[in-house]
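Quick notes on the structure that follows.
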Ligand code: B12
Ligand code: SF4
Ligand code: SF4
């Protein structure tokens with residue numbers, strides 16, 4: 001199975017993935033996810049409860065699964081928006097689900113040549129991607145809960161391939177956060193505690209996932225300037241220095257028109273123009289009405 005691993009590793013590099021590691025599918029995930037759900041940290045993302053059995057047992061997704069191949073794909077490290085109305089780095093360009101799916105299908109084909117059956121996901125399936133990325137030796141889970149790599153930090157997408165092939169696996173690496181607590185301290189809503197993020201307080205939840213028409217006052221205040229997502233806990237991480245050993249896919253860069261558009265123009269933008277602006281973006285999933293709600297919320301919280 002060494003040959004299969006070499007083949008998929010080579011193909012992944014050709015397709016632009018920046019890292020690959022392999023974890024045993026039966027790796028012990030502990031109780032953290034169920035505890036997080038019991039504590040209500042998932043807010044109203046009820047699909048996370050429904051996915052729990054599959055998350056805890058990948059064999060329910062792919063009978064006979066032996067390994068989880070984890071991959072990283074870089075996104076831009078610079079915030080391309082000028083002025084308020086910031087958009088999280090991962091969402092500045094085209095929709096990564098669409099970008100990565102054909103690449104994963106290609107890797108699936110490579111593994112089929114070695115007799116494997118696969119299931120592939122990138123933020124699109126009931127797999128604990130952060131857990132398996134750490135178990136596959138790609139990095140460690142920081143105090144913000146995200147995967148941090150010694151060469152590259154946390155600004156990357158995770159993708160996974162469940163496979164029936166018994167590939168050689170990797171060893172997890174030690175946590176290198178040391179005495180640093182910068183991410184916890186930088187979180188504008190104090191959503192981070194003991195290495196976990198409470199979605200009920202996280203601006204990424206409020207600006208991307210929440211269907212509610214308003215947020216609690218302390219969240220509204222912190223939402224100021226955040227149009228979509230939040231990178232505050234990652235911006236302060238010392239492992240996210242600007243020097244990157246990896247190139248960034250041009251599809252993930254922000255279109256110039258969006259980068260330069262002032263927040264006031266966005267606030268008054270007709271529906272049709274919005275649709276055109278976010279046609280290929282992951283923001284399309286959140287929808288124009290909620291993006292307008294986000295602008296409204298932060299305008300209201302800090303009247304000029
Ligand atoms: C739901 C979700 C969200 C929710 C909830 C976030 C949260 N608190 O988990 C919201 C909308 C808030 C969100 C926000 C963001 N998200 Co998100 N999100 C997810 C999703 C779909 C599931 C995460 C989840 O289940 N969380 C619940 C926690 C408890 O489970 P978990 O993360 O899997 O944690 C496991 C480990 O923590 C493990 N564990 C931890 N410590 C230990 C110790 C031991 C000993 C053991 C045994 C286990 C263990 O136990 C858990 C279960 O296995 C994943 C994709 C996926 N399928 O995994 C993306 C994902 C985690 N998100 C991602 C990103 C980029 C973000 C944002 C940065 C986006 C932004 N800029 O706005 C923020 C970051 C917020 C933060 N600090 O976590 C990336 C992370 C990439 C990376 N480098 O790690 C992912 C992996 C998507 C992807 N494929 O790229 N997200
Ligand atoms: S994404 Fe923002 S709000 Fe959420 S935990 Fe990180 S800093 Fe806090
Ligand atoms: S900011 Fe500090 S504590 Fe947080 S992930 Fe980075 S090194 Fe770890």
Run through all the Cα pairs of the range 192-270 and give the fraction in each 10 Å bin from 0, expressed as whole percent.
13, 35, 37, 15, 1
Helix 288-301 versus the longest principal axis of the chain: what is the Cα-based angle in degrees, 0 to 90, to the nearest 10?
50
Sorted from largest down, what three extents in whole angstroms do the Cα atoms of the range 74-177 have along their principal axes?
52, 33, 23
If you wrap a convex hull around the C-alpha atoms of the chain and split its volume per residue, what is the figure in Å³?
129
Return 286, 207 ranked ascending by Cβ neighbour count within 10 Å, so the fewest neighbours appear first.
286, 207
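Can you show me the helix-derived [θ] at 222 nm for the chain, built from DSSP H runs with n ≥ 4 at -39,500 (n - 2.57) apiece and divided by the number of residues, rounded to the nearest 500.
Using -39500 (n - 2.57) per qualifying helix, the result is -8500 deg cm²/dmol.
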Where a ≥ b ≥ c are the square roots of the eigenvalues of the C-alpha gyration tensor, would you call the range 120-212 rounded, which needs a/c under 1.5, or, failing that, prolate if a/b is larger than b/c, or oblate?
oblate
With springs connecting C-alpha atoms under 10 Å apart, model the chain as a Gaussian network and identify which of 276, 190, 290 has the largest mean-square fluctuation.
276
Mind pulling the angle between the C-alpha long axis of helix 96-112 and the longest principal axis of the chain? Nearest 10 degrees, somewhere in 0 to 90.
0
Over all Cα pairs of the range 168-304, the Kirkwood radius sets Rh, and Rg/Rh then becomes 1.02
Sorted from fewest to most neighbouring beta carbons within 10 Å, what does the list 274, 47 look like?
47, 274
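The numbers here are math on the coordinates, done by the rules we state, and not lab data. Treat the numbers as computed from the prediction; the structure is a model and nothing was measured. All Cβ positions, even for glycine, are placed from backbone atoms using ideal geometry, and neighbour counts span all protein chains on display.
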